[in-house]
Amino acid sequence: MIEIAARQSQLEQAVSKLTGLTLTILIFGALVAIAFALSERTSERVQRFLKYVIFLAPALIFLFIGLVAPAIRTLYLSFRDARGEESVGWANFKWAFTQPEILDVLRNTGVWMIVAPIASTGFGLLIAVLTDRMRRPGLVKSLIFMPMAISFVGAGIIWKFVYQFEPNDRVPEIGLLSQIAEWLGFVPSNWLLVNPLNTFLLIVVFVWIQTGFAMVVLSASIKAIPDEILEASMLDGASGWKRFARVTVPMIRGTIIVVLSTITIGALKVFDIIRTMTGGNFKTSVIANEMYNQSFRALNYGTGSALAIILFLGVLPLVAYNVMHLRRERSER
Amino acid sequence: MARKSRRRDVEAVKTHLSSPWASFAAILIATIWTIPTFGLFVTSFRPSTGINGSGWWTVFTNPEFTFTNYTRVLFEGRGATPPLSQYFLNTFAIVIPSTIIPITIAMFAAYAIAWFNFKGRNFLFFTIFALQVIPLQMSLIPLLQLFSGGLHIGNFTVIPSFGITGTFIPIWLAHTMFGLPLAIFLLHNFIAQLPRELIEAARVDGADHFKLFRQIILPLSIPAIASFAIFQFLWTWNDLLVALTFGGGKRDIAPLMVRLAEMTGTRGGDWELLTAGAFVSILVPVAVFFALQRYFVRGLLAGSVKG
């Protein structure tokens with residue numbers, strides 16, 4: 001009886017959600033259609049002004065409310081107390097750079113920023129070079145690229161299963177890593193609890209996802225190297241390795257740097273992997289996770305905002321570099 | 001003719017360069033890359049006694065499969081916790097508007113920046129692009145305060161709170177706001193490259209900007225829209241942080257990712273449910289990704305990386 005009732009209420013909920021969803025989309029579509037229909041009927045003089053209101057204003061309003069204003073407010077909150085009521089000067093930042101746990105967090109973030117981009121870009125470049133000469137690279141590339149479609153949460157579960165450890169000696173290991181360790185004659189341990197190894201095991205998950213991105217971008221840029229250059233270097237008798245180090249890499253240097261900086265930005269902001277796999281325990285927390293904890297667990301908007309500002313300062317030079325790179329590329333075109 | 005023979009030369013060089021070892025290494029790496037996902041996939045179809053009693057690699061010698069994990073995780077709730085199918089629905093309810101709304105608004109803005117003649121167009125474009133420098137984390141607290149309490153200056157209410165907390169609306173709005181810089185950037189790059197003659201001819205024929213947008217820009221921009229739609233779709237489907245923050249921990253609006261993250265924390269040992277649940281959450285994005293890979297890659301190469 002209860003089960004049937006539960007099923008029924010589930011079904012009702014599903015129907016109401018779908019109705020809500022359909023209505024939302026219809027209302028949004030209708031609003032756009034009405035705005036257009038009315039605007040098309042106005043005189044040219046009105047339109048000269050109206051076009052900015054319809055085309056440009058919504059995006060600018062959203063960007064202002066969603067990004068610009070909140071960023072300024074976060075900066076303000078980072079100098080206030082937990083509830084944002086009183087000014088505390090630099091106390092939140094002093095806290096971030098003196099508290100031992102937070103120093104761990106900053107150190108971990110530093111490790112992420114260095115190891116993750118280099119490993120992802122390195123693997124990506126390796127696979128791009130290997131597949132560049134293949135006849136049918138499609139399947140290989142797709143398989144390496146596939147993790148990009150998988151969420152960090154899903155990837156976290158996939159790898160948590162790989163790292164699974166069985167404390168009871170009489171029960172066989174079900175985690176692949178533990179089993180491989182056993183096969184190789186090592187004694188497996190509870191991997192995710194071992195510091196500092198656990199941070200690197202979490203980075204593996206990130207690298208597993210980001211390598212596909214690095215591979216695709218680098219592969220396209222290798223393809224763009226003119227064939228004449230490769231032919232010339234071949235005629236000069238350059239070996240495979242020499243061709244790679246002296247021709248390929250210098251030719252795609254710009255792209256490599258953009259890929260590196262893009263992945264570094266991602267590594268700086270990593271949150272889901274930590275949340276799913278360790279919850280930030282066992283000294284694996286990083287800045288984005290700690291920011292969430294401070295703001296929404298400890299409900300301290302002051303320290304949370306200070307951490308967000310530190311994150312911002314870390315991302316700033318990298319994005320600035322990417323923007324400048326893009327600008328240069330555009331003016332060259 | 002000359003072109004063809006040159007092509008043959010290039011092919012010859014390529015073939016000469018291609019080594020079986022390189023191909024072998026590439027295939028080996030791809031296999032290693034796939035093993036973790038494959039292990040999850042196999043495990044999700046094993047009975048729970050099998051999962052906890054032996055490694056998934058033993059199924060090759062001792063095959064035993066079941067669908068029970070899927071029916072259990074999808075349709076059986078536990079106490080106040082609804083089954084995963086409800087969260088699946090929530091994910092759809094979040095993803096669809098969170099993709100449609102930013103694309104629409106970004107299309108408008110991209111068109112305006114590309115084809116309206118006003119001062120500071122370029123400056124505006126790069127400012128919007130540079131907004132990607134603002135990490136999500138910097139917006140979370142103020143936006144949450146805005147959605148729950150509105151905006152007041154003294155006793156004067158600038159924006160009322162609307163009472164939208166606990167509905168999907170804050171999540172839609174947040175995804176829209178965070179998706180806009182990249183969307184405008186990508187779509188602008190495409191729209192700005194449409195032939196000038198086409199647009200000027202339509203203007204001479206008396207089409208106003210609204211008509212022009214509807215009849216010419218929109219149909220021509222479908223590839224770029226598809227490109228960005230895939231990004232936004234994958235991003236919102238896979239998102240945890242935005243849903244966690246703006247969903248306020250409410251079960252009836254929480255998407256798959258929030259539930260899965262919760263399950264890994266509280267029921268870390270229930271591998272039969274976790275693996276099946278994870279696979280359900282992976283299935284849709286991976287299918288979309290494989291079906292539309294071409295557009296996805298094109299988007300990536302256009303310099304689109306979410307900040």
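The values are calculated or read from the model by the stated rules, or taken from the named source; none is laboratory data. Owing to the predicted nature of the structure, the values given are computational and were not obtained by experimental measurement. Using ideal geometry, Cβ is built from the backbone for each residue, glycine included, and neighbour counts are taken over all protein chains shown.
A few points about this structure:
- In the range A:240-258, the qualifying residues are those that are away from every other protein chain (no Cβ under 11 Å) and closer than 18 Å to A:Arg328 by Cα, and the one that is surrounded by the most Cβ atoms within 10 Å (Cβ to Cβ) is A:Ile252.
- Residue match in the range A:235-250 (condition: part of a helix (DSSP H, G or I), among the charged types (D, E, K, R), closer than 29 Å to A:Ser151 by Cα and in the same structural domain as A:Met146 (by TED's automatic domain parsing)): no
- Residues of the range A:142-187 classified as within 8 Å of chain B (Cβ to nearest Cβ) and either in contact with a strand residue (DSSP E or B) (Cβ under 7 Å, 6 or more places away or on another chain) or in a helix (DSSP H, G or I) (or both), total: 20
- Pairs with Cβ under 6 Å, 6+ apart, first in the range B:234-261 and assigned by TED's automatic domain parsing to the domain that holds B:Phe296, second part of a helix (DSSP H, G or I) and charged (D, E, K, R): B:Leu240/A:Asp272; B:Ala261/A:Arg275
- Pick from the range A:259-306, criterion of a type in the set (Ser, Thr, Tyr) and part of a loop (DSSP other than H, G, I, E, B), ranking: nearest to the other protein chains (Cβ to nearest Cβ): A:Thr278
- Selection status of A:Ser233, out of contact with any Pro (no Cβ under 7 Å at 6 or more places or on another chain) and under 25 Å from B:Leu301 (Cβ atoms): no
- Flag if B:Thr49 is in a helix (DSSP H, G or I) and of a type outside the set (D, E, K, R): yes
- Failed condition for A:Gly110, given (1) assigned by TED's automatic domain parsing to the domain that holds A:Ile256; (2) buried (at least 18 other Cβ atoms within 10 Å of the Cβ): (2)
- Looking at A:Phe79, A:Phe62, A:Phe97, A:Phe28, just one residue is assigned by TED's automatic domain parsing to the domain that holds A:Phe271 and either of a type outside the set (Gly, Ala, Ser) or modelled with pLDDT under 95 (or both), and that residue is A:Phe97.
- Residue count, the range A:55-79 (criterion: among the β-branched types (Val, Ile, Thr) and either in contact with a helix residue (DSSP H, G or I) (Cβ under 8 Å, 6 or more places away or on another chain) or within 7 Å of chain B (Cβ to nearest Cβ) (or both)): 3
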